[in-house]
Amino acid sequence: MSYEITGTITKIGEVQSFGSKGFTKREVQLSVPDGKYQQLIAFEFQGERSDLPDKYKEGDEVQITFDLKGRLHEASGRVYNTLNGWKITSLGGPGGRTATTANRAQPTPTNRVPAQTTDLGKDTNGDPYPF
């Protein structure tokens, strides 16, 4: 699955190396408007893509294209998710929005499910639940 999101870079981490085979990853944090609150979202750029954030800095408005990855930790039964970034596109240069991006709608996931408008206290016929 591929998703896109627009926001402002708040932090670009250092490249980290793991293991003898030289696996690398780098974290980029993005501030994304969500109603009247900002959401802080962390993305990982792995392997040969860990150098993609090099040409950006904190405060730049960008669009990140990413995949959602999940893996099961066998011992605990817990699922861990990663937002695996694979593309960054500049939307306004350093320091924020430009006239061309100020009125742009937030991109949505390419396979987004429409929001439900039903009352959670009622069933599909509009009758209240018995509990």
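Readers should treat all values here as calculations from the given coordinates under stated rules, not as data from a laboratory. Here the structure is a predicted model, which is why all the values come from computation and not from measurement.
For the reader, a short list of remarks on this structure follows.
- Amide H partners (placed H, <5 Å) of LEU91, local residues excluded: GLU61, VAL62, GLN63
- In order through segment 36-45: 3J(HN,Hα) via Karplus (6.51 cos²θ - 1.76 cosθ + 1.60), integer Hz, x for Gly, Pro: 8, 10, 9, 9, 9, 10, 9, 10, 10, 10
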